[in-house]
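Each value in this text was obtained by applying a stated rule to the coordinates, not by laboratory testing. Just so we're clear, the structure is a prediction, and the values are computed from it rather than from any experiment. Quick reminder, even Gly has a Cβ in these numbers, built from the backbone with ideal geometry, and neighbours come from all protein chains shown.
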Amino acid sequence: MPKATLQPDWLVRIIRLRFLILAFSLILLVLPWLIRTEDGGSDWTYFLGRFHPLIIHFPIVLLVLLLILELLSSKAVVTLSSPLRWILLILLTLSSLFAVFLGLLLYSTGDYGGNVLSMHLWAGIGVAVGSLWLLFSQLQLLNSPTPSAISFYWIVLILTNGVLVFASHQGGSLTHGTDYITEYLPSLNPAPLKPESEMLVYADIIVPMLDAKCYSCHNEHKTKGELLLTTMADMTSGGKSGEAGIVPERPEESEVWERVALPVTHDDHMPPDGKPSLTTQEKDLLYWWIETGASPTLAYQDALADSAIADHLLEYNTTLRRAHQQKWEADQQLAKLVNQVSTENAPYQLIEDPDNSTALHLKMQFPPASFTDESLVELRPLFEKFTEVSLVSSEITDDGLYYIGQMKQLKTLSLQRTGIDGSGLVFLTELPQLEVLDLSHCPLTNANLLYITRMPALQELYLYETPISPEAVETLSTHLPQLSINLTRSPKY
């Protein structure tokens with residue numbers, strides 16, 4: 001055991017107070033419960049709190065750097081001097097505490113919530129606690145440099161770095177989504193894909209491209225400009241203009257190419273304004289395919305022999321396959337969730353959204369069966385999947401609208417013939433995409449209808465056979481001129 005060395009008086013006093021560091025670390029663990037509020041915060045709270053994502057990088061760098069230097073020093077690759085170790089530890093502790101303080105400011109406003117935030121919060125506090133314990137362990141080593149004290153330091157250092165990785169991942173998930181890190185991780189459960197040896201350029205490259213950008217306006221049910229694009233025969237026939245959509249070997253004479261090649265600001269550009277246009281890469285592929293004969297039977301691997309387009313084909317095919325994998329995994333997850341909540345003789349139907357295969361519609365069974373607020377709670381795993389919900393003639397109450405307010409993708413909500421008086425409409429102001437709301441045959445009150453003014457995306461409101469006064473409707477129309485208020489029955493019913 002190393003001999004004790006004579007310490008300066010000021011250092012001796014600090015060493016004696018080392019257990020206060022442990023006490024302070026325990027205080028950190030109870031702070032979230034002491035400061036949480038649902039009333040928001042001052043401008044200064046928000047202003048300072050938003051520096052959290054910037055400051056958090058300092059303890060991240062310092063903690064990782066300390067671990068690397070300690071590892072290299074233990075292997076005699078570099079020498080980590082005691083003064084440098086202390087500088088790193090002090091800066092690490094101060095910056096981690098400051099980052100936690102700023103994060104707690106944001107948390108205290110009550111504007112943020114959810115499991116991801118909770119995990120990020122506690123992991124961030126864990127990093128700050130670990131930093132304090134590292135400081136404590138170094139003071140303990142000054143007091144009694146025993147092997148157990150050295151082991152404690154290493155254990156805390158490694159564990160704190162592990163917690164840091166977890167905290168950083170949760171922070172990234174808050175900013176970029178929960179799959180930001182794993183989005184491109186090779187799947188351990190691969191989707192069934194057609195072998196590249198069997199792929200055709202038209203069927204497996206061109207069709208998915210047109211399907212994503214063009215088919216919604218040029219299909220069997222909707223032929224804008226009388227141009228149908230869903231088959232080769234239709235594409236090579238003329239639309240309303242009399243010009244063929246595709247003229248093999250002559251892109252400039254092909255109506256499809258002419259329209260997609262126009263500037264985005266041009267009135268005849270396709271797809272129209274508001275819909276995603278073909279990327280430069282997609283335009284290059286389309287032009288090349290038409291120029292080389294627009295063959296429906298050209299093999300993908302044969303096309304790769306053309307060096308002029310091979311790189312584009314490889315890259316685009318990789319993108320398509322990745323998108324297919326992600327869609328397949330989303331479909332599997334959705335099927336699992338549906339199976340999780342489905343019960344025999346359920347009073348509702350779950351229907352795939354025709355415009356989004358990873359989303360769902362919820363509607364009541366016919367003839368109607370009992371569907372209450374508690375029935376909604378049972379569907380909680382699917383809340384983020386619902387884009388349309390119809391609760392016609394259900395027993396839903398204003399309290400149940402609290403759960404509907406958690407369906408952040410919801411665009412259409414039908415509450416006809418329910419007993420709500422509108423006091424729960426406040427919960428729907430949390431829905432950023434709600435466009436259509438049907439409250440026909442509901443015992444609404446004029447006062448509660450004012451919550452409608454706080455629904456940011458609402459475009460259509462149905463108030464057929466409600467006790468709402470004409471004066472209240474007029475007031476609502478004046479304040480929301482963009483809102484279509486219908487006193488007639490919805491065309492869906």
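Could you tell me how many degrees, from 0 to 90 and to the nearest 10, lie between the Cα long axis of helix 310-341 and the main elongation axis, the longest principal axis, of the Cα atoms of the chain? That works out to roughly 80 degrees. For Thr297 and Val264, a Förster radius of 30 Å and the Cβ-Cβ distance give a FRET efficiency of 0.35, rounded to the nearest 0.05. I'd like to know which of Ser254, Thr292, Thr280 lies farthest towards the positive end of the charge dipole of region 196-322, counting +1 on Cβ of Lys and Arg and -1 on Cβ of Asp and Glu. Towards the positive end, the residue furthest out is Thr280.
About the Cα centre of the chain, how large is the charge dipole given +1 on each Lys and Arg Cβ and -1 on each Asp and Glu Cβ? Please answer in debye to the nearest 20.
Details: 30 positive and 53 negative charges, 595 e Å.
That gives the chain a dipole magnitude of about 2860 debye.
Spin-label model, Arg13/Glu378: points 7 Å from Cα along the beta carbon direction are separated by 6.8 nm. Relative contact order for region 22-137: 46 percent, from Cα pairs under 8 Å spaced at least 6 residues apart, divided by residue count. Overall form of the chain: oblate. Here a/c, set by the Cα gyration tensor axes a ≥ b ≥ c, is 1.5 or more, and a/b is not larger than b/c.
Here's the picture: charge each Lys and Arg Cβ at +1 and each Asp and Glu Cβ at -1 in region 346-486, and of Leu362, Ile396, Ser423 the one pushed furthest to the positive end of that dipole is Leu362. Quick one: angle between helix 115-143 and the longest Cα principal axis of the chain, in degrees between 0 and 90, rounded to 10, please. On a 0 to 90 degree scale, this one is about 20. Ordering of 447-459, 131-143 by packing is 131-143, 447-459, highest average first (other Cβ atoms within 10 Å, averaged per residue). Against the longest alpha carbon principal axis of the chain, how many degrees, from 0 to 90 and to the nearest 10, is the axis of helix 147-176 turned? Roughly 20 degrees between the two axes.
Across the options Phe152, Ala212, Tyr316, the greatest Cα extent toward the positive end of the charge dipole of the chain (unit charges at beta carbon of Lys, Arg, Asp, Glu) belongs to Phe152. When you count the other C-beta atoms within 10 angstrom of each residue and take the mean per peptide, 309-318, 245-254 line up highest first as 245-254, 309-318.
Cα centroid distance between region 39-88 and region 260-323, in Å? With region 39-88 and region 260-323 each reduced to a Cα centre, they are spaced 47 Å.
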